[in-house]
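Data first, discussion second: the structure below is written as structure tokens.
The values are calculated or read from the model by the stated rules, or taken from the named source; none is laboratory data. For clarity, every value in this text was computed on a predicted model and none was experimentally measured. For neighbour counting, all protein chains shown are included, and Cβ atoms are generated from backbone atoms with ideal geometry for every residue, glycine included.
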Amino acid sequence: MANQSQTGGMMVVRDRGLAVGTAFEWLRAGWHDFARRPALSLVYGLGVLALSVLVIAVMFAAGWDHILFPALSGFMIVGPLIAIGTYEKSRRLASGEALSLRHVLFVPVRSGGQIFFVGLILALLMVFWMRAAVLIYALFFGLRPFPGLDQIMPMLFTTPTGWAMLVTGTVVGGLFAAFSFAIGVFSIPMLVDQRTDALTAMGLSMALVWNNLPVMLMWGTIVLALFLVSLATGLLGLVVIFPLLGHATWHAYEAVARDRVG
């Protein structure tokens with residue numbers, strides 16, 4: 001039985017007792033939602049792909065190719081905010097409410113503008129991570145101009161300095177990713193679904209991640225692995241993988257957090 005505490009009408013479950021393998025059940029449930037009315041999920045995934053390609057094109061046009069890799073990894077930071085349409089589809093499928101493309105694209109956020117506060121924090125975290133990545137590059141390679149994507153790969157993978165920078169960047173990026181994952185994984189679905197404030201949602205999200213750490217570590221690993229698959233396909237995998245993860249995240253929220261705000 002999970003240990004619980006009650007404070008001011010808000011219940012926080014300390015330990016849901018969820019097995020690590022429960023994360024795969026969320027993924028299967030997400031696929032089930034994807035397969036029901038799949039056109040809606042595919043349109044959403046195509047939209048995310050188009051937005052990603054547009055951002056990358058703008059970066060190259062502006063000469064910002066030196067932050068391409070940090071920007072791609074930073075995509076995981078803001079991903080929970082972009083996925084709100086997939087949460088709404090899963091919610092409506094579960095409740096039997098009417099469902100159309102309009103409902104997925106124009107989501108009635110029940111917490112109102114509170115969600116934009118969380119979105120701003122996630123966006124700032126992404127910006128800080130990209131700035132940190134530039135500083136890490138300067139720390140290891142000096143103030144030399146960015147050599148271009150065709151030359152940076154040999155520098156990173158065939159020199160001791162490159163390997164040291166990769167290790168440092170992975171550790172620092174992991175800290176950014178862990179914090180953004182903790183505050184965003186449940187707070188965004190919660191703000192879509194519940195009438196609550198941003199600080200409460202982020203605090204609950206962090207507490208619920210910490211108190212259900214084994215299964216949430218597995219879920220984070222699954223998200224990272226599928227995101228890497230998307231990168232390996234030249235982002236084409238986002239068409240399926242992004243909405244799939246969005247639907248699965250909704251089921252994670254239902255299993256861990258949905259009944260924790262009263």
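Observations on the model:
- The residue pairs whose first member lies in segment 174-199 and is farther than 21 Å from Ser73 by Cβ and in contact (Cβ under 8 Å) with a residue 24 or more places away in the chain, whose second member is hydroxyl-bearing (Ser, Thr, Tyr) and not in a helix (DSSP H, G or I), and whose beta carbons are closer than 7 Å, counting only pairs six or more residues apart or on different chains, are Met190/Thr196; Leu191/Ser111; Gln194/Ser111; Arg195/Ser111; Thr196/Ser111.
- Options Leu101, Leu139: the member that is at negative phi and modelled with pLDDT under 90: Leu139
- Candidates Val167, Val192, filtered to the one that is modelled with pLDDT of 85 or more, part of a helix (DSSP H, G or I) and farther than 17 Å from Phe69 by Cα: Val192
Condition check ((1) of a type outside the set (A, V, I, L, M, F, W, C); (2) free of Cβ contacts under 8 Å to residues at least 24 places away in the same chain; (3) within 22 Å of Leu245 (Cβ to Cβ)) across all residues:
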residue	(1), (2), (3)
Gly85	yes, no, yes
Leu93	no, no, yes
Phe106	no, yes, yes
Val109	no, no, yes
Val118	no, no, yes
Leu122	no, no, yes
Phe128	no, no, no
Val134	no, no, no
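- Segment 209-241, subset outside any helix (DSSP H, G or I) and without any contact (Cβ under 8 Å) to a residue 60 or more places away in the chain, residue surrounded by the most Cβ atoms within 10 Å (Cβ to Cβ): Gly237
- Count - residues of segment 149-206 that are of a type in the set (Asp, Glu) and buried (at least 19 other Cβ atoms within 10 Å of the Cβ): 1
- Residue satisfying all of: in segment 105-130; surrounded by 12 or more Cβ atoms within 10 Å (Cβ to Cβ) and not aliphatic (A, V, I, L, M); farthest from Gly173 (Cα to Cα) among these: Arg110
- Which numbered condition Ala255 misses (of (1) buried (at least 22 other Cβ atoms within 10 Å of the Cβ); (2) over 15 Å from the mean Cα position of the chain (by Cα)): (1)
- Pair list, Cβ under 7 Å, 6 or more apart: segment 39-65 residue more than 20 Å from Phe227 (Cα to Cα) and without any contact (Cβ under 8 Å) to a residue 60 or more places away in the chain, other residue surrounded by 14 or more Cβ atoms within 10 Å (Cβ to Cβ) and of a type outside the set (Gly, Ala, Ser): Met59/Asp65; Met59/Leu68
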